[in-house]
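Notes for the one structure printed next.
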Amino acid sequence: MKVTQGCFSFLPDLTDDQISKQVQYCLANGWAVNIEFTDDPHPRNTYWEMWGLPMFDLQDAAGVMMELAECRRVYGDRYIRLSGFDASHGWESVRISFLVNRPPNEAEFDLVRQGVGGRSIRYSTVRKNVAHAP
Amino acid sequence: MLDVPITNATETTFDLRKEAESAGIVATLQQLDQELIGLRPVKDRVRQIASLLLIERIRQRAGLATAPPTLHMSFTGNPGTGKTTVAMRMAKILHGLGFVRRGQVISVTRDDLVGQYIGHTAPKTKEILKKAMGGVLFIDEAYYLHRPDNERDYGQEAIEILLQVMENQREDLVVIMAGYGERMTSFFASNPGFRSRIAHHIDFPDYSEDELLVISELMLRERGYRFSAAAREAFEKYIALRRTQPFFSNARSIRNAVDRIRLRQADRLVSDLDRMLDVADLETIDPADVLASRVFSGGADARSAKP
């Protein structure tokens, strides 16, 4: 199962060249580019761990790609995403976010239906068959 | 700021002049010639680099093999020969010629690269390298990175990271190191990796007296002054004398001299408060402003020397 987060993840995985162009777009807009990684890609897990500091004073995507290569070397078996944070007044939020690395064995989720309180139904997204899942 | 896609068409004949003009090479070289006095070896090397770029571009379009050239440079020379100035200019030139993508200059010294405790150096150096990507990293007085007397110095760590990036990401950034001749030589001697990874070792010659005079006039013009004919003559003598005195540092000494001459000129004008000034008075340097310098009375040493 291919984990999808953000519309880029419905496309074939981006190549380094394509990632680099996206990063350059972020930098050209003055956004801070962050590299984040996690082994828990649950859709409600918003806060991934950061790789290094946000990169807000770079001119060229090569700097980000260098860090990404380093992060992949260390955490190649986890999900890694890039995000661009726009600090300008009125936005002050993440403007772009996409996956740049997937583990060899992707996480799988089940949508579990549970009957509660008579005829009420509660749905929950549950990670499937993972020994080391958190 | 976004990259333009490269098209891979194969052609067979090329109009060299048109190519050179469209790449902006002619204009860039002319500007360099006009704005920098002397520095023959530097200009020659820049011209060669520019020519290589042009040919590489054409080769690419002709479908021949191309390899990005190594552009790391080392500038050596005496104080005040324009190493820093040229390094700043070099970024603009390389950007204009399309060698570097963004054209920013990150100017650093040992302090910016080397950390203060274990594990501090690598992130610090990488941070700087990331900022310099797509542009020029200018390391002033690079020999301070290596402290031969202390083998546990963190400088070595910074050097290793630098070398790695200089080798692996040649097309992403250009490293320029600058420093005084002899110390750079011993720096390279103890770090042979650097010497071989730097393609262009450019030695900055000392300026001749004529060049120094032209530089002084250029500096005055920038500041909105000019020499009177007699003052110009006096300044020629000043340069000849100053060169023989200790601590002469080429264009930097001239800049300081020009600044002191401005002080003296202002002092001379203010000393006579009852006089009506016109614009010519304000911008003209008189011989008296030059001749009052202590260079003519035996230099700084003569006055400060204890009896």
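The values are calculated or read from the model by the stated rules, or taken from the named source; none is laboratory data. As the structure is a computational prediction, the values presented were derived from the model and not from experiment. For neighbour counting, all protein chains shown are included, and Cβ atoms are generated from backbone atoms with ideal geometry for every residue, glycine included.
Each row is one residue, and each column tells you yes or no for (1) assigned to a helix (DSSP H, G or I); (2) crowded, with 16+ Cβ neighbours inside 10 Å.
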position: B:161; (1), (2): yes, yes
position: B:170; (1), (2): no, yes
position: B:195; (1), (2): yes, no
position: B:203; (1), (2): no, no
position: B:210; (1), (2): yes, no
position: B:215; (1), (2): yes, yes
position: B:219; (1), (2): yes, yes
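Checked against the criterion of being part of a strand (DSSP E or B), assigned by TED's automatic domain parsing to the domain that holds residue B:51 and either of a type outside the set (Val, Ile, Thr) or closer than 28 Å to residue B:55 by Cβ (or both), the range B:123-133 contains not a single residue that satisfies it. Of all the criteria given as (1) in a helix (DSSP H, G or I); (2) more than 14 Å from chain A (Cβ to nearest Cβ); (3) surrounded by fewer than 18 Cβ atoms within 10 Å (Cβ to Cβ), the one not satisfied by residue B:89 is (3). For the range B:221-236, the set of residues classified as among the basic types (Lys, Arg) and surrounded by fewer than 16 Cβ atoms within 10 Å (Cβ to Cβ) consists of B:221, B:223, B:226, listed by residue number.
Determine, yes or no, whether residue B:139 is crowded, with 19+ Cβ neighbours inside 10 Å and part of a helix (DSSP H, G or I). No.
Yes/no per residue for (1) charged (D, E, K, R); (2) under 17 Å from residue B:198 (Cα atoms):
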residue: B:91; (1), (2): no, yes
residue: B:128; (1), (2): no, no
residue: B:131; (1), (2): yes, no
residue: B:143; (1), (2): no, yes
residue: B:150; (1), (2): no, no
residue: B:154; (1), (2): no, no
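Checking the condition assigned by TED's automatic domain parsing to the domain that holds residue B:105, at pLDDT below 90 and not hydroxyl-bearing (Ser, Thr, Tyr), which residue from B:191, B:250 passes? Unique residue meeting the criteria: B:191. Do the conditions hold for residue B:154, that is, is it over 19 Å from residue B:108 (Cα atoms), buried (at least 19 other Cβ atoms within 10 Å of the Cβ) and not β-branched (Val, Ile, Thr)? So residue B:154 does not fit the description; no. Looking across the range A:35-58 at every residue that is within 13 Å of another protein chain (Cβ to nearest Cβ) and either charged (D, E, K, R) or not in a loop (DSSP other than H, G, I, E, B) (or both), the one that is farthest from residue A:128 (Cα to Cα) is identified as A:57.
Per the conditions (1) in a helix (DSSP H, G or I); (2) in contact (Cβ under 8 Å) with a residue 24 or more places away in the chain, the sole criterion not satisfied by residue B:232 is (2).
Just one of the listed residues (B:158, B:122, B:142, B:178) is among the small types (Gly, Ala, Ser) and within 14 Å of another protein chain (Cβ to nearest Cβ), and it is B:122. Would you mind stating whether residue A:30 is farther than 23 Å from residue A:1 by Cβ, touching a Lys or Arg at 6+ places or on another chain (Cβ under 7 Å), small (Gly, Ala, Ser) and within 14 Å of chain B (Cβ to nearest Cβ)? No: the conditions fail for residue A:30.
Looking for something modelled with pLDDT of 90 or more, within 20 Å of the chain's Cα centre (by Cα), assigned to a helix (DSSP H, G or I) and among the polar types (S, T, N, Q) - is there at least one such residue anywhere in the range B:261-269? No, the conditions are met nowhere in the range B:261-269.
For the range A:65-94, which positions are touching a residue at least 40 places away in the same chain (Cβ under 8 Å) and either surrounded by 18 or more Cβ atoms within 10 Å (Cβ to Cβ) or within 14 Å of residue A:54 (Cα to Cα) (or both)? Matches in the range A:65-94: A:65, A:68, A:78, A:79, A:80, A:81, A:82, A:83, A:84, A:85, A:86, A:87. Counting the residues of the range B:92-119 that are within 13 Å of chain A (Cβ to nearest Cβ) and not in a loop (DSSP other than H, G, I, E, B) gives 3.
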